[in-house]
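Working notes for the structure below.
The values are calculated or read from the model by the stated rules, or taken from the named source; none is laboratory data. Because the structure is predicted, anything quoted here is derived from the model rather than measured. Cβ atoms come from the backbone with ideal geometry, glycine included; neighbour counts cover every protein chain shown. The area values use the complete protein model at the heavy-atom level, side chains included, leaving out ligands, DNA and RNA. Shrake-Rupley method; radii C 1.70, N 1.55, O 1.52, S 1.80 Å.
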Amino acid sequence: MLTELIEKTLMLFSISTIRYFIMAGIAFGLCYKLFAGKLYKAKIQQRDADRSNFIRDIWHSMQTTIILTIIGCLVLFTPLKGYTKVYEAVTDYPLWWFCISLPVCLIIHDTYFYWMHRLLHVKVIFPRVHLLHHKSTNPSPWTSYSFHFFEAWTEGAVLILIVFLIPIHPIALELFVVVAFAINVYGHLGYEIAPKWFRRTWLFEIFNTSVHHNLHHSKFKGNYGLYFRIWDRLLNTEHPDYVKEYDKIQSRRI
C-alpha cells in the first residue's frame with residue numbers, strides 16, 4: 001500500500017509540474033518572447049523583470065507544487081478520503097451538480113483566499129511569509145505558484161476545505177485546480193489581454209483582471225480578491241486607482 005501511495009504521489013507531482021511549465025511557459029513564451037514587440041502596449045508595467053526574478057519564482061513554485069501534491073494525495077489516496085465528501089461514481093449525484101461544482105469551488109476559493117490574503121498582510125506575518133511572493137513587484141506567469149513554505153500550505157488548504165464542505169468528484173476537483181491555475185497565470189501575466197467589450201459589460205464589475213492583481217503586487221495593499229472584485233468592493237479594499245489604471249492601459253493598447 002505504501003508503494004502504491006508513493007507511485008501515485010510521484011505521478012501527481014509529475015502531472016502538476018508538467019502543467020505548471022506548460023501553462024506558465026506558454027503564457028511567458030507568447031507574451032515575453034514571441035509577441036513581446038506586438039504586445040508592448042498591453043504591458044502593465046513598462047519595465048522588464050530581471051531574469052533572477054524568474055529563476056526565484058520557478059524555484060519556489062516547485063516547492064509549492066510538492067506541497068500541493070502532498071495535500072492532493074492526502075484527500076484522494078489516503079484513508080482521510082473516507083471522511084471527505086469526495087465521490088467516485090458520477091451517478092452518485094445529479095449531473096447538474098457535477099457541472100456547477102466547479103463554479104461553487106471557485107466561489108469558495110475566492111472567499112477563502114480573500115480572508116487568508118488579508119491575514120497574510122498583517123504586519124507581523126507579512127515580512128515572515130508573504131513578502132516572498134511580493135518580491136515579484138513586477139509579476140510574470142512564473143510567479144503564480146511562488147510562495148513561502150508556510151504560505152503554500154495555507155494556499156493548498158482550500159482543497160481540504162472544499163472536500164469536507166461539498167460533494168465533489170475527483171474530475172471536478174482536477175478541473176478546479178486547472179482552471180484556478182489558469183486564472184492565476186492570467187492574474188500574474190504582467191499584460192492586460194482582456195477584450196475591449198469586457199469593460200462595457202457587467203462582467204467587469206464582478207471579475208478581476210490582470211491589472212487588478214498587478215496593482216496589488218506594485219502597491220502591496222488593496223485588491224486582495226482572487227477571481228472576483230466582490231469582497232474588495234464590499235469591504236472597501238479595492239485600490240482607488242484600479243479602474244483608472246485599467247482604462248489607461250486599455251486605451252493605450254486598443
| Under 5 Å, built H, 5+ apart or other chain: amide partners of residue 239 | 223
| task | Enter the accessible area of residue 97 (Å², nearest 10), with the probe set to 1.4 Å and all protein chains included. | result | 40 Å²
| With every protein chain in place, what's the accessible area of residue 6 (1.4 Å probe, Å², nearest 10)? | 90 Å²
| task | Quick one: which residues, 5+ away or cross-chain, put their amide H under 5 Å from the amide H of residue 228? H built at 1.01 Å from N. | result | 208
| said: Under a crude label model (7 Å from the Cα following the beta-carbon direction), how far is residue 128 from residue 26 in nanometres? | reply: 4.0 nm
| Given H placed on each backbone N at 1.01 Å, which residues far from residue 191 in sequence or on other chains put an amide H within less than 5 Å of it? | 44
| remark: Restricting to Cα pairs under 8 Å and 6 or more apart, the percent relative contact order of the stretch 214-254 works out to 30 percent
| How do 96, 197 stack up against each other in accessible area, from largest to smallest, with a 1.4 angstrom probe? | 96, 197
| query | Could you give me the ³J(HN,Hα) list for the stretch 64-77, computed from phi with Karplus coefficients 6.51, -1.76, 1.60 and θ = phi - 60°, whole Hz, x at Gly and Pro? | reply | 4, 4, 4, 5, 5, 5, 4, 5, x, 5, 4, 8, 10, 10
| message | Taking 8 Å as the Cα distance limit and 6 or more residues as the minimum spacing, I'd like the relative contact order of the chain as a percentage. | response | 26 percent
| field | Global size of the chain as Cα Rg and Dmax, reported in angstrom | value | 18.6, 59
| field | Of 8/135; 196/219; 38/221; 135/221; 219/248; 41/244, pairs whose Cα-Cα distance is over 23 Å | value | 8/135; 196/219; 38/221
| query | Can you give the calculated 222 nm mean residue ellipticity of the chain, where each DSSP H run of n ≥ 4 adds -39,500 (n - 2.57) and the sum is split over every residue, rounded to the nearest 500 deg cm²/dmol? | reply | -19500 deg cm²/dmol
| request: Using 0.36 nm per residue of separation minus the Cα-Cα distance, give me the extension gain between residue 115 and residue 8 in nm, one decimal. | output: 35.3 nm
| field | Gained length - residue 233 relative to residue 70, 0.36 nm times residue gap less alpha-carbon distance | value | 55.2 nm
| said: Quick check: with the 1.4 Å probe, what order do 11, 23, 1 take by accessible area, largest first? | reply: 1, 11, 23
| field | Mean Cβ neighbour count within 10 Å, used as a protection proxy, ranking 173-180, 142-149 highest first | value | 142-149, 173-180
| message | Taking the Cα centroid of the stretch 211-254 and of the stretch 60-123, what is the distance between the two, rounded to the nearest whole Å? | response | 26 Å
| query | What list of ³J(HN,Hα) couplings, whole Hz, do you get for the stretch 197-207 from phi and the Karplus terms 6.51, -1.76, 1.60, once you set θ to phi - 60° and write x for glycine and proline? | reply | 5, 4, 5, 8, 10, 5, 4, 5, 6, 10, 8
| task | Give the calculated FRET efficiency between residue 219 and residue 171 to the nearest 0.05, with a Förster radius of 35 Å applied to their Cβ-Cβ distance. | result | 0.35
| task | Grab the other residues whose beta carbon is less than 15 angstrom from that of residue 233, score K and R as +1, D and E as -1, and report the net. | result | -3
| query | Counting only protein chains, not ligands or nucleic acids, how are 61, 52 ordered by accessible area (probe 1.4 Å), most first? | reply | 52, 61
| remark: So the angle from the long Cα axis of helix 242-253 to the longest Cα principal axis of the chain, reported in degrees to the nearest 10, equals 70 degrees
| request: Step through the residues of the stretch 89-102 one at a time and calculate ³J(HN,Hα) from phi using the Karplus curve (6.51 cos²θ - 1.76 cosθ + 1.60, θ = phi - 60°), rounding each to whole Hz and writing x for Gly and Pro. | output: 8, 4, 6, 5, 9, x, 4, 4, 5, 4, 5, 8, 5, 5
